[in-house]
Structures are given as structure tokens and as C-alpha cells.
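Here is the structure we will look at, set down as C-alpha cells.
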Amino acid sequence: MPSVAVMEKRHELLSSVQMARFVAHGSLRLDAVVPAEMNAEGLAVLADGVSPVPYGTPVSEAYAADSFVRRLLELPRVAGALRSLVGQQPTVDHHFVHVRDPHGGDAQPLHGDAVIDVRPDAFDVQLMYYPQAVTLEMGGTLSVPGSHLRRINESDTGRYQNLRGQSRLVCPAGTVVFLHHGLWHAGRRNDSDTVRYMFKIRFNPTVRQQRLWDTSDLNDPQVTRELDVMFPWYEPATGRLERYNRVLLWRALTGDDSFDIDYWVTRVSNRPQEAAV
Ligand SMILES: O=C(O)CCC(=O)C(=O)O
Ligand SMILES: [Fe+2]
């Protein structure tokens, strides 16, 4: 008989440093987190297709207990990342199997998966699962690190080509990437002889996204260093604004309204109410 500890679902929460990195980059990548035998099964499942579910379906209703997708979501590192980002019982916004045929398809325009989304203290995440190794020729998802807090309207960014510092995903089989809903991204043309599969699930949180991760390293100086990172495509002035917006998000995520970097938010929030005597 398995013990209670074994029966309880395991999850490995993110650290504060990893969360800060997500807040700065807008994504989290878990390389080869899905074992080979599951990837073989996953490829067949994706090739068969996964039927859509209505917006807002709880994970437990969207995917049967023993189904492939449920087992994918219950891998300890996947479960822990999801729980750290959107809490224990997120709902499924939508999911989709993206298939890119060999030498087929146009590159998508650079886009965010939403119209302008102005939520300052909440976000959705998009899980992207790659069951096979993705080479550069296979047209893995392109994304622009640090773009998620710059408010855009869907594919209005489509005219931008090849931003400095962009990432064209090349990854081992079984890689899972979590994207903040605002991250600019695009599937690329598949120039290889292999079909490329990717399964995306967008999750909506159902709880306040505050301190859902392992906060034991919250005061690690590396947290601030992660939040303060610059990306090569940023303009100097707007780059500061991106970091300002990260401070606001970090305040919301930690509940610590005194957190700041170089007093940027503190300065512009200073509005004394007390009348002079
Ligand atoms: O095919 C891809 O790599 C990206 C597809 C996409 O934009 C999405 O799933 O939102
Ligand atoms: Fe997209």
C-alpha cells in the first residue's frame, strides 16, 4: 500500500528568484521536464487532437484523472510552476494543438494572445509543451524577453521583425515553457522535414496571485538583480518604464508595497495628504 505521502500529488514550487526572473522575462522554461516515454505518448495524443473545452473549465473537468494531459500537469516541476504562477485550481481558458507541417506554413506575425489587457495585479499563463526536440529549422516559438508588460493590442506588433535579443526556441524533447499572457511571440515557419507539434493551454487564476511560490528566499539580493535586468531591444527611457512596471507587479505578487528599485515607484507615488501648518 502506498503511504499517504506517496499518494499525495508532488509539486516543486518555484523560488522567489525564479519568480522574479519570470516577472522580468515574462517566461519560464523547463527543459526536458517530461520523460521520453511520456513524450512518445504525447506525440500520438497531439496527432489525434485534443477536443476543445469551454472557457473556464476546471482542470479536473477538462482532463480525466488518468489522461495524458492530466499526467503532464501533475509532473512535480510542471505542477509546482503552475501552482506558483496561478495557484492550485486554475481554470482552462482554452487549449490548442499547433501543428506545423514540414516546409509548410507562414511565420505568424509577432503578437500577444489578447487585446490590450490592463490588469496590473493578475495574469494568465500559457503553457507550451513540445513533445519532440525542436531545432531552429522546425520553427519553434519565437518570443521577445521582457515584452509582456508593454501593452499592445494583439498582432499590432506584427510589423516588427527580428528584435535584438529575441529568442527562437530550440529545445530538447519534453520541454515545457510558461508564458505570461502579455509576452510577444510568434510561431515560425517550419523549414524542416519533420512535423512540429506544440500543445498550448492557457490558464486563468481563480485565487489572488500573491505569495503562491516558495518565498523562503524572498530577501535574496538576487531577486532585485533579476527584476532589474535590461534587454537589448529596450530603448533606454522605455527600458526604465519596463522595470518600473515590474516593481508594480512584484509589489502585487508579494503584497509588499514598499518594495522598490532605485526609488522609481516610491518617487512617483509620493503625494503627501497632510496640510502644511
Ligand atoms: O505555433 C507556435 O509556436 C505559437 C502559436 C501561438 O502563437 C500560440 O499558441 O499562441
Ligand atoms: Fe499566440
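The values are calculated or read from the model by the stated rules, or taken from the named source; none is laboratory data. What you see is a predicted model; the values in this text were computed from it and never measured. Glycine gets a Cβ as well: all are built from the backbone with ideal geometry, and neighbour counts include every protein chain shown.
Things to note:
- Candidate set: region 184-200, residues that are assigned to a loop (DSSP other than H, G, I, E, B) and either over 19 Å from H111 (Cα atoms) or of a type outside the set (D, E, K, R) (or both); chosen: the one nearest to ligand 2 (Cβ to nearest atom): G187
- If the condition is being away from ligand 2 (no atom under 15 Å from the Cβ), within 20 Å of A20 (Cβ to Cβ) and of a type in the set (G, A, S), then region 129-183 contributes G146, G165.
- Spans of helices (runs of 4 or more DSSP H) in region 201-277 with at least 1 residues farther than 20 Å from Q88 by Cα, touching a residue at least 40 places away in the same chain (Cβ under 8 Å) and of a type in the set (V, I, T): 221-227, 236-254
- Residues in region 119-132 that are more than 18 Å from W250 (Cβ to Cβ) and more than 12 Å from ligand 1 (Cβ to nearest atom): P131, Q132.
- Of the criteria (1) modelled with pLDDT of 95 or more; (2) in contact with a helix residue (DSSP H, G or I) (Cβ under 6 Å, 6 or more places away or on another chain); (3) away from ligand 1 (no atom under 14 Å from the Cβ), which one P76 fails: (2)
- All positions within region 196-211 that are over 15 Å from the mean Cα position of the chain (by Cα) and near ligand 1 (Cβ under 10 Å from one of its atoms): R196, Y197
- Among residues of region 105-131 that are under 30 Å from M38 (Cα atoms), those with a beta-carbon under 9 Å from a residue that is modelled with pLDDT under 90 and within 14 Å of ligand 2 (Cβ to nearest atom) at least six positions away or on a different chain give the pairs D124/A114.
- Some residue of region 184-195 being within 16 Å of ligand 1 (Cβ to nearest atom) and under 25 Å from E12 (Cα atoms): no
- Scope region 8-55; condition surrounded by fewer than 17 Cβ atoms within 10 Å (Cβ to Cβ), in contact with an Asp or Glu (Cβ under 9 Å, 6 or more places away or on another chain) and under 21 Å from H98 (Cα atoms); matching residues: Y55
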